[in-house]
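As structure tokens, the structure follows; a few thoughts come after it.
The values are calculated or read from the model by the stated rules, or taken from the named source; none is laboratory data. Only a predicted model underlies this, so the values are computations on that prediction, with no experimental measurement involved. All Cβ positions, glycine included, derive from the backbone under ideal geometry; neighbour counts span all protein chains shown. The protein model used for the area step is the full one, side chains on, heavy atoms only, and it has no ligands, DNA or RNA in it. Shrake-Rupley method; radii C 1.70, N 1.55, O 1.52, S 1.80 Å.
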Amino acid sequence: MLGGRAVQHRELQGYESDKFLSYFKPCIIPLEGGFASGFKTPEEDKFETRLYICKGKRAIRVKEVPFARSSLNHDDVFILDTEKKIYQFNGANSNIQERAKALEAIQHLKETYHNGVCDVAIVDDGKLQAESDSGEFWVLFGGFAPIGKKAICDDDVVLETTAPKLYSINNGQLKLEDTVLTKSILENNKCFLVDCGSDLFIWVGRLTQVEERKAASAAVEEFIATQNRPKTTRVTRVIQGYENHTFKSKFESWPVNSAGSAGAEEGRGKVAALLKQQGVDIKGASKSSAPVDEEVPPLLEGDGKLEVYCVNGSAKTALPKEELGKFYSGDCYIVLYTYHSGDKREEFYLTYWIGKDSIPEDQEMAFQTANSIWNSLKGRPILGRIYQGKEPPQFIALFQPMVILKGGISSGYQKFVEEKGLKDETYSGDGIALFRISGTSIHNNKVLQVDAVSSNLSPTDCFVLQSGNSMFTWIGNASSYEQQQWAAKVAEFLKPGVAVKHCKEGTESSAFWFALGGKQNYTSRNATHDVVTEIFNFSQDDLLTEDMMVLDTHGEVFVWMGQCVDAKEKQKAFEIGQKYAEHAAAFESLSPDVPLYKVVEGNEPCFFRTYFSWDNTRSVIHGNSFQKKLSLLFGMRSESGSKSSGDGGPTQRASALAALSSAFNPSSQKNKGNDRPKSSDGGPTQRASAMAALTSAFNPSAKPKSPPQRAGQGSQRAAAVAALSNVLTAEGSSQSPRIGRSSPMAGDADTAELTPSAASPLSEGASEFSADKDAPGDGALSEGGRTEPDVSVEQTANENGGETTFSYDRLISKSTNPVRGIDYKRRETYLSDSEFQTVFGITKEEFYQQPGWKQELQKRKHDLF
């Protein structure tokens, strides 16, 4: 029906791609029933307590698990949905951003199954408090008892991306093409399969017949079965001329300005938000949940023979098998890897590695020895020179693990240290040593020995500490599950058979700090890797305070920096932006000289905010991602309340009263918060202020006053103040025209057409606090009507030579001559009345009488979004 002008994806329940999940905000929770059950409808009137596991940093994966203690673990986030209260259980090793996203799922459950009226409690793993939500939570599981370690299941398998292989498909038969992947080898009368391990791409030539296409699809299904590929394998079909960026990136050569690609490139002419990962590519998120689709470079074939020699004067010493992977920075090494590639004869990968502290004599000898081996093999190997710190992925992948140690063992290095009177820091198996665990993918999991001082610790990493015969693994609070597993493997590699003591950040023993010379302050100082991943259907919620982001509008590039990003990393903003521009120039025709801006969280300009359904209240909330989301959840008005009345309704008032009651009576169990105030009495000043605020809330004629904040007040009282503040805001603005909740599609960056049911209550509900129709982010309509653009007519006229109406060709998002100085969310308003009717088939008045979601669908259909 689409004339073949689409990329076709196949999605499997429980293993959906991030892009697919991005269309359903905040999450997908499949219901029972459907075709397999004879379309049996679940009993919605009978409430059933359910336990869910939540995974994902941006695209949330919510899966129901058995309601039993054995389902819980220390590494994930869980939601227990009971009839009266929803609990969020944060595993001790779960990361902050997954905790924050789980709150969105809670809000969705609250609005969908509890009519917006339900208590929410946060339970932290390992924190037992008498008479608290924690006690209630464990009672539901039959009482508190230790929970077990996380069991590995299919959901935790990280799909391996391999070097792409090309198969031609003729008469339903696959044939491996042993050639370099370039666009020119794809013939328009054939079908091809590009096998990337976890992803399969079926490329269909324009001149192929329907029967050939069907046979190609059937052949690929048979290929999956015969190869025993997991059910999580993703299959994508692309048509010649409409290849997306992901497909083209698998090829070594793909001309940008190729015929047929104009206007068909996925992402061209639309806003693309990309995540600049810090440190390890999945920092702050568990790879077992939703791993970032990092581009894995081509690696050498496995099961080969690996030989490593350490240069020692004029000789070379072969390393024993148990020492393979250990490199001293003061030495040089020769690496020879012999393998078979497909049906070819033996192939060789020959390199010499130069440690950063090695002496020139050893470096020269390494070159001569490697060259001698190369000559003895008649020049057949590829010969490479590798410097420490610049190891390519093919080299790192040979060693699992690869550990770079301090000092050197060659006689030349030892003599040099002695002559110069330098301190010999050479690693010793019975000394003190600290190792940083960063990357966890096969091609970047290099481990580096660092100075054994506590200031080198980083919450985003894991570390291995050797203290004599003792081994510790230190788990940073924002580290990933894979880093923790890799740390244990490295400890075993360094000292096989020795019992390892695991300590989470904040639970260190005195012996641990003693080995590091005492406890000191430390910050996140992980190295930046150039990993950029597109965020589909992005919203303001995707601007996580711990990350750096790139916003590409195709007219300019913004590098957005969260408040929690390390100061040193912020200094690299322009470097990151330029690297992105160069990359985009190669695949998406972006000019490398595009205007480049760096933006700090909380200081976003209007021309940045216009690409989002912006809510200013989110920018002023302090804390990490979880703390910010928690503030929104406990401070926002419920959906049911906002729908029942214009002034907040009885639900909101009841919530405010309950929160106020808790503030005055901490021992009350009626409504418990996440944290308890240490003091049992807020004092007469706080009570007087709260009563005054409450009086204003129930008396619209009274002038509302914001309750004062006092140092030392508990978070529960702060929640009460926030709830009262919301009442006051609604009451104080009840005489003003109300603007409906933002359409779920407003500000999104893709072309998918969805109904408003896909909206995220939590991600958009906060914008309801504003009753000012000119507030940024409140322009989209949910019940029809017309809202004027945020950009003034005068500004538009000034930037366009007095013109305020423009042609359709200039207003579309993919225009080659776009208009400046307009509200990009209201492009249709700048059409003349006649051209508006030509484009939409109805008048402007008829258009704005439609529901807001229908307006959005029509705008997207005509590329005016």
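Is it true that some residue in region 90-111 is in contact with a strand residue (DSSP E or B) (Cβ under 7 Å, 6 or more places away or on another chain), open to solvent by 20 Å² or more (accessible area, probe 1.4 Å), farther than 21 Å from TRP474 by Cβ and part of a loop (DSSP other than H, G, I, E, B)?
no
Since ASP81 meets every condition but one in (1) open to solvent by 10 Å² or more (accessible area, probe 1.4 Å); (2) without any contact (Cβ under 8 Å) to a residue 60 or more places away in the chain; (3) not hydroxyl-bearing (Ser, Thr, Tyr), which condition does it not meet?
The failed condition is (1).
Give just the number: which of (1) at pLDDT below 90; (2) closer than 16 Å to LYS446 by Cβ does LYS489 not satisfy?
Answer for LYS489: the failing condition is (1).
At least 2 residues that are closer than 30 Å to LEU632 by Cβ and modelled with pLDDT of 80 or more in each: list the helices (runs of 4 or more DSSP H) lying fully within region 763-865 that qualify. Before you say what the answer is, go through the steps one by one.
Working: elements: 793-799, 808-811, 833-840, 844-848, 852-861.
In region 763-865, the matching helices (runs of 4 or more DSSP H) lie at 852-861.
Looking at (1) at pLDDT below 90; (2) open to solvent by 40 Å² or more (accessible area, probe 1.4 Å), find the lone condition where LEU176 falls short.
Result: LEU176 fails condition (1) only.
Would you confirm whether or not region 392-408 contains a residue that is under 24 Å from TYR481 (Cβ atoms) and of a type in the set (S, T, N, Q)?
yes
Restricting attention to region 590-613, does a residue exist that is part of a helix (DSSP H, G or I) and among the aliphatic types (A, V, I, L, M)? Working first, answer last.
Taking region 590-613 as the starting set, the residues that turn out to be part of a helix (DSSP H, G or I) are 606-609.
With among the aliphatic types (A, V, I, L, M) added as a condition, the list becomes none.
For region 590-613, residues part of a helix (DSSP H, G or I) and among the aliphatic types (A, V, I, L, M): absent.
Pairs under 6 Å by beta carbon, first residue under 20 Å from VAL403 (Cβ atoms) in region 494-516, partner in a loop (DSSP other than H, G, I, E, B), six or more apart or different chains?
Between residues of region 494-516 that are under 20 Å from VAL403 (Cβ atoms) and residues that are in a loop (DSSP other than H, G, I, E, B), the close pairs are LEU516/ALA452; LEU516/VAL453.
Just one of (1) surrounded by fewer than 19 Cβ atoms within 10 Å (Cβ to Cβ); (2) of a type outside the set (Val, Ile, Thr); (3) not in a strand (DSSP E or B) trips up ALA584, so point out which.
(1)
Within region 194-249, take every residue that is modelled with pLDDT of 90 or more and of a type in the set (Phe, Trp, Tyr) and give me the one that is nearest to the chain's Cα centre (by Cα).
Once the filter is applied, the top-ranked residue is PHE201.
Name, by its number, the condition in (1) modelled with pLDDT of 85 or more; (2) more than 30 Å from SER480 (Cα to Cα); (3) open to solvent by 40 Å² or more (accessible area, probe 1.4 Å) that does not hold for ILE334.
Evaluating ILE334 over (1) modelled with pLDDT of 85 or more; (2) more than 30 Å from SER480 (Cα to Cα); (3) open to solvent by 40 Å² or more (accessible area, probe 1.4 Å) leaves (3) as the failure.
Which residue pairs have Cβ atoms closer than 7 Å, lie 6 or more positions apart in sequence or on different chains, and pair a first residue in region 219-245 that is under 13 Å from LEU193 (Cα atoms) with a second residue that is in a helix (DSSP H, G or I) and modelled with pLDDT of 85 or more?
Listed pairs, sorted by first residue: VAL235/VAL220; VAL238/PHE247.
Limited to region 78-119, what total is found for residues that are farther than 24 Å from THR545 by Cα and β-branched (Val, Ile, Thr)?
So in region 78-119, the residues farther than 24 Å from THR545 by Cα come out as 80-87, 109-119.
Filter again for β-branched (Val, Ile, Thr), leaving 82, 86, 112, 117.
The qualifying residues number 4.
Only one of these is among the aliphatic types (A, V, I, L, M) and either surrounded by fewer than 16 Cβ atoms within 10 Å (Cβ to Cβ) or more than 30 Å from GLU482 (Cα to Cα) (or both): ILE239, ILE147. Name it. Don't jump to the end; show me each part of the working.
Numbers: ILE147 fails: either surrounded by fewer than 16 Cβ atoms within 10 Å (Cβ to Cβ) or more than 30 Å from GLU482 (Cα to Cα) (or both).
Result of the check over ILE239, ILE147: ILE239.
For region 429-459, which positions are open to solvent by 40 Å² or more (accessible area, probe 1.4 Å) and modelled with pLDDT under 90?
Of everything in region 429-459, those that are open to solvent by 40 Å² or more (accessible area, probe 1.4 Å) and modelled with pLDDT under 90 turn out to be ASP430, ILE442, LYS446.
Only one of these conditions is not met by ARG268: (1) at pLDDT 50 or above; (2) open to solvent by 10 Å² or more (accessible area, probe 1.4 Å); (3) part of a loop (DSSP other than H, G, I, E, B); (4) of a type outside the set (A, V, I, L, M, F, W, C). Which number is it?
Looking at each condition in turn, ARG268 falls short on (1).
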